[in-house]
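Trainee: I'd like to ask some things about the structure below.
The values are calculated or read from the model by the stated rules, or taken from the named source; none is laboratory data. Since the model is a prediction, treat every value here as computed from it, not as a measurement. Note that we place each Cβ from the backbone using ideal geometry, even for glycine, and neighbour counts take in every protein chain shown. Surface areas here come from the heavy atoms of the whole protein model, side chains and all, with no ligands, DNA or RNA. Shrake-Rupley method; radii C 1.70, N 1.55, O 1.52, S 1.80 Å.
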Amino acid sequence: MNELDKKHLELTRVGIEFPTPKGPFCALKDVDLKIAKGEFVSLIGHSGCGKSTVLNIVAGLYQATSGGVLLDNKEVNEPGPERAVVFQNHSLLPWLTAYENVELAVKQVFAKKMNKQEMKEWVNHNLELVHMTHAAHKRPDEISGGMKQRVGIARALAMQPKVLLMDEPFGALDALTRAHLQDSLMEIHAELGNTVIMITHDVDEAVLLSDRIVMMTNGPSATVGEILDVTLPRPRERLALADNPEYNHYRHEVLTFLYEKQRKVENVSTKKASGSKKGKEVA
Amino acid sequence: MSKEATMAKVTALDFKKTLSSDFAKQILTAVLLPFIGLIVFLLLWASTAKNIDTSLGEFPGPAQVYSQAGTLITEHFAEREKAEAFYERQRERNEARMKVDPTYQPKIRDYTGKATFFDQIWTSLYTVMVGFIIASVIAVPIGIACGLSQKTYSAINPLIQIFKPVSPLAWLPLVTMVVSAVYVTDDPMFSKSFLTSALTVTLCCLWPTLINTAVGVSNISQDLVNVSRVLRLSKLAHVFKIVMPSSIPMIFTGLRLSLGIGWMVLIAAEMLAQNPGLGKFVWDEFQNGSSDSLARIMVAVLVIGVIGFMLDRLMLMIQRFVSWDKNAVLR
Ligand SMILES: Nc1ncnc2c1ncn2[C@@H]1O[C@H](COP(=O)(O)OP(=O)(O)OP(=O)(O)O)[C@@H](O)[C@H]1O
Ligand SMILES: [Mg+2]
């Protein structure tokens, strides 16, 4: 990938301070990241390090206090549908059906570009992408968690965003459903080629889906720790990858970063260390 | 009979038993207990009423109240018959004049008999509804504005806190004077007493709706607000597509409280403003001071209670109808 391509989305020295009763809290400092068009990037890091904050700044929901974000050389300073967000807890409007939720987005974004019939087709097309046509006329409280997340993705895709932002999209789902949705997401990404930034806690998910994994250091003043290029060929098969040495190498890299270089809770680790010492003595 | 068959029969029987005991329980709570409560109340009422002597005679017991209710109904129908007879005579007279002189323009006069109890109920309902609707039309938008913007809320909050506890009786003289001063037309569409009563109701109905709407709107989930921001919904679309649907339950809580207060306020307002509704009925009976008066007032008391209850149920039905969450438990 040449350097020119990486100009699609640029975060330059992004920092943010939240005002708190105890004075300003510096959550992020000097976050630098360049993302190419069509790239799939995962953000991984310990809880509370500032992943959601990065995503919200890119979405325009938060304003960076220093540095800035450029999308196609235009500064990002407010939310907009070209940076669609899939929220962690789906955030569907509970009084609208799946179809109407997607329709709301389509009507808003394509008000002048499509006629009624085209809108209808576009809504249905996006529901089809996430395999939700059969439950299009059900309300969020009538469908399962995985289905809600699918509708959330359909709504985001229907905006035809330049960048798709996903905050732990599968975090609340069981392992089987998650695997299913990961496969769907890979298919969709292969087909549409959107630029994607996804936050995850799941190392396997990060390696399976990403072109690059951005590992963040612990806060406060969190920043980008390491970036791992994942060059596994696509399409990727989770079963075949399970005992692929390259795949395991990537996994190992991420795990090392998270659990050695950025070990989270100090007392737990010292306890463990002392426990292992005792074990040795007994042995 | 095989063993399995017996088993099946036993379970079926058990099932029937539990079913019938459940049914009995339901009957007990839904019909029997309220009925017992009512009977006990009537007995207590009847026994204490006998021992209270007022200057208008004995305090009315259930029996007198029941008979007065009957009288009020007969009076109503008698009055209606009179009215019909009046219009019939008028029509006949006009026809007779037309026969003699075809160019004659028939005069139609309205019947001006006295208002019956049912006319008064109707007047009260109409007045409270007008007052309540005016209040809602004002309070819901202001409540939404307060919920959306902390600044608006800070600006309006002191006013709410000061005016909320004011009794309708304090407003009434002011409203009366303002209505007399401002509402001057030769051909009044509404009577002044009606306007005074309705506006007093409005002043007292505003606050619960306003406060509850503001609370409901300010508690919208941040996620839904973010969805609206990502979609770049306009202010208006944000209010109608996100804010209103998600705060419907709180808005209705406020509306129900307001209507309840409005109905109570109305009776007092009608007494003083002499709007020909239930309040005036109670007042007139009190001034009359006949031996039946107390029983007739008691009928009005019960009717006021029942109507208040029905108004609340009506609001509940409307809420069920507009609310998107059909599973929510509403009470
Ligand atoms: N609006 C805010 N005001 C003050 N502090 C905030 C705010 N939002 C986030 N923070 C702080 O910033 C830090 C990063 O929060 P963030 O939500 O980005 O973490 P995260 O990496 O997404 O965590 P998780 O994985 O648990 O979702 C946290 O310490 C949090 O307390
Ligand atoms: Mg987060």
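Trainee: Could you state the per residue volume, in Å³, of the convex hull enclosing the Cα atoms of region A:121-221?
Mentor: Considering the Cα atoms of region A:121-221, their hull volume per residue is 124 Å³.
Trainee: Where in region B:103-148 are there chymotrypsin sites (Phe, Trp or Tyr not before Pro) that are in a DSSP coil and have at most 15 other Cβ atoms within 10 angstrom of their Cβ?
Mentor: Loop-located and lightly packed - B:104, B:111.
Trainee: Quick one: if you stick a label point 7 Å off each Cα along the C-beta vector at residue B:99 and residue B:42, how many nm between them?
Mentor: That separation, rounded to one decimal, is 5.5 nm.
Trainee: Another question about this same structure. Using the structure shown, select from A:162/A:261; A:120/B:241; A:7/A:74; B:82/B:107; A:138/B:235 the pairs with a Cα to Cα distance greater than 22 angstrom.
Mentor: Pairs exceeding 22 Å: A:162/A:261; A:138/B:235.
Trainee: Pick out, in residue order, every one of the chymotrypsin sites (Phe, Trp or Tyr not before Pro) in region B:161-238 that is DSSP loop and has at most 15 other C-beta atoms within 10 Å; say none if there are none.
Mentor: Qualifying residues, ordered by number: B:183, B:190.
Trainee: If the cut-off is 13 Å between C-alpha atoms, which aspartates and glutamates fall inside it for residue A:107, apart from same-chain ones fewer than 8 positions away?
Mentor: List returned: A:118, A:121.
Trainee: Where does region A:92-160 land on Rg(C-alpha)/(2.2 N^0.38 Å)?
Mentor: Working it through for region A:92-160, the quotient is 0.99.
Trainee: Can you send over the solvent-accessible area of residue B:119, 1.4 Å probe, protein chains only, in Å² to the nearest 10?
Mentor: The accessible area comes out at roughly 40 Å².
Trainee: Over the Cα atoms of the protein assembly as shown, how large are the radius of gyration and the largest Cα-Cα distance (Dmax), in Å?
Mentor: 36.2, 131
Trainee: Which three extents, in whole angstrom, do the alpha-carbon atoms of region B:120-194 cover along their principal axes, largest first?
Mentor: 45, 24, 23
Trainee: Turning to a different aspect of this structure: Stokes-Einstein D for chain B at 10 °C, 1.306 mPa s, Kirkwood Rh over Cα pairs, in µm²/s?
Mentor: Roughly 64 µm²/s, to the nearest whole number.
Trainee: Sticking with this one: Roughly how crowded by other chains is peptide B:230-236, in terms of the mean Cβ count from those chains within 10 Å of each of its Cβ atoms?
Mentor: Averaged over the peptide's residues, the number is 6.
Trainee: Oh, and also: Among the trypsin sites (Lys or Arg not before Pro) in region A:1-79, which ones are in a DSSP loop with at most 14 other Cβ atoms within 10 Å of the Cβ? Mind listing them?
Mentor: Here the sparse-neighbourhood loop sites are A:22.
Trainee: Where nothing but the Cβ of Lys and Arg (+1) and of Asp and Glu (-1) is charged, how large is the charge dipole of chain A around its Cα centre, in debye to the nearest 20?
Mentor: Dipole magnitude for chain A comes out near 660 debye.
Trainee: What aspartates and glutamates sit close enough to residue B:99 to cross-link, taking a C-alpha to C-alpha distance under 19 Å and skipping anything fewer than 8 places away on the same chain?
Mentor: Reachable aspartates and glutamates: B:88.
Trainee: Any idea of residue B:109's accessible area? Nearest 10 Å², probe 1.4 Å.
Mentor: In the full protein context, residue B:109 sits at about 130 Å².
Trainee: Once ligands and nucleic acids are excluded and a 1.4 Å probe is used, how much of residue B:136 is accessible, expressed in Å² to the nearest 10?
Mentor: Rounded to the nearest 10, the figure is 20 Å².
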